[in-house]
Amino acid sequence: MSELALSAGTVRPRSRSLATVQDAITMSGRCIRLSSRALDAIITSVMMPVMLMLVFVYLFGGAIKNTTGGDYVNYVVPGVLLLCAGWGGAATAVNVNMDMNGGIVDRLRSMDVGGTAVIAGHVVSSVARNVVSTLIVFGVALLIGFRSDANLMGWLGAVGVLLMFMLAVSWLASVFGLLVQSAEAAGGFSFIMMFVPYVSSAFVPVSTLPSWLRGVAEHQPVTPVIESLRALLNNEPLGNSGWLAVAWCAGILVVSTVLANVLFRKRVA
Amino acid sequence: MSGNWAVEAAGLRKSYGKIDVLAGIDLKVPAASVFSLLGPNGAGKTTTVRILSTLLRADGGQARVGGFDVDRQQRDVRRIISLTGQSASVDQLQTGEENLRMTASLAGVSRRDAKRRAQELLERFDLAEAGNRRVATYSGGMRRRLDLAAGLVGRPSVIFLDEPTTGLDPRSRRSMWDVITGLLGEGVTIFLTTQYLEEADQLADSVAVLDGGRVVAEGAPAELKRRVAGQRLDLVFGDDAGYDEGLRLLPGRISTEDRARLTIGVPTDGSAAQVRSLLDEIDPQARLVSSFSVHTATLDDVFLALTGRPAQSGQNENSNETDKETAGV
């Protein structure tokens, strides 16, 4: 048998859009496998939010709860869940950057695999990773006394908001990973994503901030996401934060998708 | 431009700032042959491969691969080529089989066929037993073979290999050569770059020598070697006076000189007859030359012979210079 006569006739021409979807699925499978085997990264992504939650509930909680009213753990958990999602999603920047600096990007480009499929693979695995770490963080939250009054719609809404936020942050992180030159620099996005929730209503009510900071906190995208999450989980009125959260996430997603695609094409590794 | 060329390039130019990486190169590679682009680091080999494999746009000139224009028919070119670059394109945290199946899927092979093809390639590249192990546990040579295998899942007709053996030990290099030779006879065209004359000699039907962004010589390896002489005879003199005498006696024949080591290199075919007659000629009383050794010609010798000057930049770090040595007196 001639050696290169490998199962002939199996490569079929695909339409552009079909190829993108199929490649995105293949790349997602790859990234999920890689993620699930990088145990240290999984542990860090869970440890950080859990530690922060414990710090806020047990160290600062006593001092803060006078301003939030009710049980502080119920106030802070939505913020911690969001911080966990942001922190986990930000890791996408490093993963994308490592691919762009490695040999794989040349192979992919020479095989005509497009940027959207490559980034989608990273984003899907990022969301999957985040769902797992969010569940663990949520489990710890229940252990330390978090209780929800949410009905089924509230739960579904909360899950939806979180997924949407993870998606938006992960895709935005990809843009950052495509933009910077090294994995170390890409790691800087985690810092940003960890800091941003502090200037919001995640840990303390916005009303307690100095007035100049209040303006920032009230109008940055993380605040409506947290407010929606808190309202949904604690069965409180949603107000207009629901729509604002959806609009922010959708906007970030659209801009990031376009930017990532352009950057992927421009970038010569 | 047309005809039966798998790869043809005319006047390819590329600069970064003021540095001309490619200063107008012409290449013609017949279909179903092995072509080697030979040159030191920084000669422009990788840039050429990247332009031909559509990853980089040339500043000037044009190129066709499989008859398709690399600039205007990018997708068509990508459908028929594969590129195995210098840095690994396989994932350390996936097994060999997973890497191959993933690449096969990306090449448009159906799920079921991807599995079969992965198995075929693993067996063929002597990786069947390692197929279920993560690539992180592979040796350098195994990793390169897997990388090459991953490039073949889509059944490309033009295969680009950018320095496939750089950094490998001699044994892995030889097994890589066997693998590459094994690809022939299927009608595929192989375009490989290398820093090693010996590698081009072993594998290629035709060679182009690239230096400073220009093709300085091309032809079959045998032709090139005739122009370069396959071997170099290093004569070690007993003292400075002898060394000077040697310089005086060998005008126009010296390819390397090293006063610190009292050594003069002369091209030779390596035959005993030639070595003996040379020694008889310059040192009939056997008092000047204290020892000698015969080396395979290095890229340095080729460059010296072709361009009249040493090759540019530090290309010697990983050249296999004293690969074959025969001890002297």
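The values are calculated or read from the model by the stated rules, or taken from the named source; none is laboratory data. Given the structure is predicted, the values throughout are model-derived calculations rather than measurements. All Cβ positions, even for glycine, are placed from backbone atoms using ideal geometry, and neighbour counts span all protein chains on display.
Reported count of residues in the range B:134-177, each being more than 26 Å from B:R79 (Cα to Cα) and within 12 Å of another protein chain (Cβ to nearest Cβ), is 3. Here the helices (runs of 4 or more DSSP H) wholly within the range B:158-259 that include at least 3 residues being closer than 27 Å to B:L148 by Cα and over 12 Å from the mean Cα position of the chain (by Cα) are B:170-182. The residues of the range A:29-55 that are away from every other protein chain (no Cβ under 11 Å) and either at positive phi or of a type in the set (S, T, Y) (or both), listed by number, are A:T44, A:S45. Within the range B:154-199, track down each residue that is polar (S, T, N, Q), closer than 19 Å to B:S139 by Cβ and surrounded by fewer than 23 Cβ atoms within 10 Å (Cβ to Cβ). Scanning the range B:154-199 gives B:T166, B:S172, B:S175. For the structure I just gave you, tell me whether B:Y196 is of a type in the set (F, W, Y) and not assigned by TED's automatic domain parsing to the domain that holds B:A107. It is false that B:Y196 is of a type in the set (F, W, Y) and not assigned by TED's automatic domain parsing to the domain that holds B:A107. Consider B:V215 carefully, then state whether it is modelled with pLDDT of 90 or more, closer than 22 Å to B:T47 by Cα and in contact with a strand residue (DSSP E or B) (Cβ under 9 Å, 6 or more places away or on another chain). Criteria met by B:V215. All of A:R12, A:R16 fail the test of being at pLDDT below 85, at the interface with another protein chain (Cβ under 8 Å from one of its Cβ atoms), surrounded by fewer than 17 Cβ atoms within 10 Å (Cβ to Cβ) and over 16 Å from the mean Cα position of the chain (by Cα), apart from A:R12.
Quick check: is even one residue across the range B:219-229 over 22 Å from B:H295 (Cβ atoms), surrounded by fewer than 21 Cβ atoms within 10 Å (Cβ to Cβ) and at pLDDT below 95? Explain how you work it out, then say what you get.
Restricting attention to the range B:219-229, the residues satisfying the condition of being over 22 Å from B:H295 (Cβ atoms) are B:219-220.
Subsequent filtering for residues that are surrounded by fewer than 21 Cβ atoms within 10 Å (Cβ to Cβ) retains B:219-220.
Still in the running and at pLDDT below 95: B:219-220.
Yes: one or more hits.
All of (1) crowded, with 23+ Cβ neighbours inside 10 Å; (2) at pLDDT 95 or above hold for B:T84 with one exception: (2).
Of B:L27, B:L55, which residue is touching a Lys or Arg at 6+ places or on another chain (Cβ under 9 Å) and either of a type outside the set (D, E) or surrounded by 24 or more Cβ atoms within 10 Å (Cβ to Cβ) (or both)?
Numbers: B:L27 fails: touching a Lys or Arg at 6+ places or on another chain (Cβ under 9 Å).
When all the criteria are applied, what remains is B:L55.
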